[in-house]
Amino acid sequence: MAARDLNGTVALVTGASSGIGEATARMLADRGAAVAMAARRTDRLEALGAEIADGGGTALPVELDVSDRGQAEAVIARTVEELGRLDILVNNAGVMLLGPMLEAPVEEWERMVDVNLLGLMYMTKAAIPHLVEAAEGDRGIADLVNISSVAGRIARRNSGVYNATKFGVGAFSESLRQEVTRQHVRIALVEPGAVATELQSHNRPGVKEEIEKRFEDMEVLQAEDIADAIGYVVTRPRHVAVNEVLVRPTEQEG
């Protein structure tokens with residue numbers, strides 16, 4: 001059984017209907033946090049919320065498209081209104097649409113920028129005042145965790161726009177860290193390598209198969225492995241900030 005070291009806290013996880021987001025919401029609830037779970041697929045959120053409630057936890061499923069600034073602001077407000085505060089935000093929602101840039105529909109570029117970068121920024125801007133307020137309270141600390149990727153530090157052929165969004169997440173996170181760290185809001189960047197999630201399934205035919213081929217002979221990470229890293233980050237003592245975590249499968253070279 002997980003340590004209940006997040007008892008009394010409130011967390012919000014975006015992209016919580018599957019993969020890393022789902023595993024993270026479950027992990028945070030297991031550790032005692034009340035968890036707002038946001039995504040577009042509300043049926044999955046409702047099922048996860050029922051599971052958490054059955055285990056004695058508190059869950060708030062909320063429909064969200066992070067690329068809509070109004071929705072992003074509303075989900076933060078609703079979380080604080082219904083759960084009372086906000087101690088932890090995990091910006092996990094993202095899309096990965098790969099393939100040669102010059103052959104890609106520009107709409108794919110726009111979708112990645114809207115979700116991976118602007119959506120994360122919208123959520124962050126709305127959340128920071130509440131995180132600062134939580135850090136001034138009894139716990140004395142608050143956490144913002146941005147899910148990036150190995151693609152946020154290594155540019156690869158056929159993933160240029162995805163690389164650009166994830167490099168942007170890294171730059172945004174580090175600059176923000178310098179702004180709020182004296183207020184005891186910790187900013188962490190978690191960068192997974194290959195993980196068994198739905199992320200690659202949104203790619204065009206041909207591209208999807210190329211991605212699968214690259215990792216077919218490798219034991220990839222599971223979503224729970226990344227959730228475990230996030231759990232480590234948000235449960236450090238108040239004076240310890242883990243600002244960056246790169247997690248690759250042991251067999252992944254690049």
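Just to be sure, is residue 41 basic (Lys, Arg), over 14 Å from the mean Cα position of the chain (by Cα), at pLDDT below 95 and more than 23 Å from residue 229 (Cβ to Cβ)?
Yes: the conditions hold for residue 41.
Between a residue in region 35-53 that is free of Cβ contacts under 8 Å to residues at least 12 places away in the same chain and more than 24 Å from residue 68 (Cα to Cα) and any residue that is buried (at least 23 other Cβ atoms within 10 Å of the Cβ) and aliphatic (A, V, I, L, M), which pairs come within a Cβ distance under 7 Å, given they are 6 or more apart or on different chains?
As it stands, the answer is 53/59, since those pairs meet every condition given.
Look through region 100-139, keep the residues that are in a helix (DSSP H, G or I) and more than 21 Å from the chain's Cα centre (by Cα), and return whichever of them is nearest to residue 164 (Cα to Cα).
101
Looking at 94, 99, which one is under 13 Å from residue 39 (Cβ atoms), of a type outside the set (Lys, Arg) and in contact with a helix residue (DSSP H, G or I) (Cβ under 8 Å, 6 or more places away or on another chain)?
Answer to the check: 94.
Evaluate region 147-170: report whether one residue or more is in contact with a strand residue (DSSP E or B) (Cβ under 9 Å, 6 or more places away or on another chain), at pLDDT 95 or above and either under 18 Å from residue 86 (Cβ atoms) or acidic (Asp, Glu) (or both).
Yes: region 147-170 contains one or more residues that are in contact with a strand residue (DSSP E or B) (Cβ under 9 Å, 6 or more places away or on another chain), at pLDDT 95 or above and either under 18 Å from residue 86 (Cβ atoms) or acidic (Asp, Glu) (or both).
Taking only region 150-190 into account, find how many residues are among the β-branched types (Val, Ile, Thr) and under 21 Å from residue 237 (Cα atoms).
Matching residues across region 150-190 total 5.
Those residues that are loosely packed, with under 13 Cβ neighbours inside 10 Å and either at pLDDT below 90 or touching a strand residue (DSSP E or B) at 6+ places or on another chain (Cβ under 7 Å) (or both), I need them from region 215-239; list them, please.
216, 217
Does residue 157 satisfy being of a type outside the set (Val, Ile, Thr), in contact with a helix residue (DSSP H, G or I) (Cβ under 9 Å, 6 or more places away or on another chain) and not in a helix (DSSP H, G or I)?
Judged against the criteria, residue 157 is not a match.
Can you name the residue in region 40-73 that is of a type in the set (Gly, Ala, Ser) and surrounded by fewer than 15 Cβ atoms within 10 Å (Cβ to Cβ) and is also farthest from residue 30 (Cα to Cα) among such residues?
Once the filter is applied, the top-ranked residue is 70.
Just the residues that are closer than 17 Å to residue 223 by Cβ and outside any loop (DSSP other than H, G, I, E, B), please, taken from region 25-45.
Matches in region 25-45: 25, 26, 27, 28, 29, 30, 35, 37, 38, 39, 44, 45.
Is it the case that residue 46 is more than 18 Å from residue 227 (Cβ to Cβ) and in contact with a Pro (Cβ under 6 Å, 6 or more places away or on another chain)?
The answer is yes for residue 46.
State which residue is farthest from residue 32 (Cα to Cα) when the search covers only region 58-74 and only residues that are in a helix (DSSP H, G or I) and in contact with a helix residue (DSSP H, G or I) (Cβ under 8 Å, 6 or more places away or on another chain).
Result: 69.
The values are calculated or read from the model by the stated rules, or taken from the named source; none is laboratory data. Every value quoted in this text rests on a predicted model; they were computed, and no experiment measured them. Glycine gets a Cβ as well: all are built from the backbone with ideal geometry, and neighbour counts include every protein chain shown.
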